[in-house]
Amino acid sequence: MKHLVLFSLIFLSALTISAQNGGVQPDDPSFIKRYENFDFKGQFAVLIDKDARNNYFLLDFSKFSSRFERVYFMNLSFTSSKIVNIDPHVTKDRVCFISSQIYNEADIVKIFDELKSKTTDISAIWSQDEKSKWLKENDKYK
């Protein structure tokens, strides 16, 4: 009986771990290597992978000129219920998001482009002092 309980616990742990490792893993060294020189062909966001339920997008954060813009974009991304950030490292030049396949790929790319536009518009308008103050209150990223 003890062996059965032990086996069950090990089996459930293995299932839990394997369920968490599905899809795109942005911190996986093989993922980083595969996309380190990715050609966005002028686009900000590109669909890079799919699974049975989700679409995975890679965003070109090198288009942002400052930490303020990167953090501001990430905070704006929470305004859309259609996208979820799965890669909270704003210092990277490539950042991953996920979206359910129930949403059209073009619509999701449009959301990313609109958020980028809002970000760069605010960055152009705000003074450096305003940006610094906002960052002190809102920067919670790596």
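The values are calculated or read from the model by the stated rules, or taken from the named source; none is laboratory data. Every value quoted in this text rests on a predicted model; they were computed, and no experiment measured them. Virtual Cβ from ideal backbone geometry, glycine too; neighbours counted across all protein chains shown.
Quick one: which helices (runs of 4 or more DSSP H) sit completely within the range 58-142 and have at least 3 residues that are more than 13 Å from the chain's Cα centre (by Cα), over 17 Å from residue 44 (Cα atoms) and of a type outside the set (A, V, I, L, M, F, W, C)?
Details: elements: 67-77, 105-125, 128-138.
Hits in the range 58-142: 128-138.
For the range 99-136, enumerate the residues that are crowded, with 16+ Cβ neighbours inside 10 Å, over 14 Å from residue 65 (Cα atoms) and touching a residue at least 60 places away in the same chain (Cβ under 8 Å).
Of everything in the range 99-136, those that are crowded, with 16+ Cβ neighbours inside 10 Å, over 14 Å from residue 65 (Cα atoms) and touching a residue at least 60 places away in the same chain (Cβ under 8 Å) turn out to be 108, 109, 112, 134.
Right, residue 52: in a helix (DSSP H, G or I) and either surrounded by 14 or more Cβ atoms within 10 Å (Cβ to Cβ) or not hydroxyl-bearing (Ser, Thr, Tyr) (or both) or not? Spell out the reasoning first.
Numbers: in a helix (DSSP H, G or I): no; either surrounded by 14 or more Cβ atoms within 10 Å (Cβ to Cβ) or not hydroxyl-bearing (Ser, Thr, Tyr) (or both): yes.
Judged against the criteria, residue 52 is not a match.
Six or more apart or on different chains, Cβ atoms under 8 Å: show the pairs whose first residue is in the range 57-83 and on the phi < 0 side of the Ramachandran plot and whose second is among the acidic types (Asp, Glu) and surrounded by fewer than 19 Cβ atoms within 10 Å (Cβ to Cβ).
Every condition considered, the pairs that remain are 60/93; 61/93; 62/93; 67/139; 71/139; 82/107.
Only one of these conditions is not met by residue 43: (1) modelled with pLDDT of 95 or more; (2) part of a helix (DSSP H, G or I). Which number is it?
So the condition that residue 43 fails would be (2).
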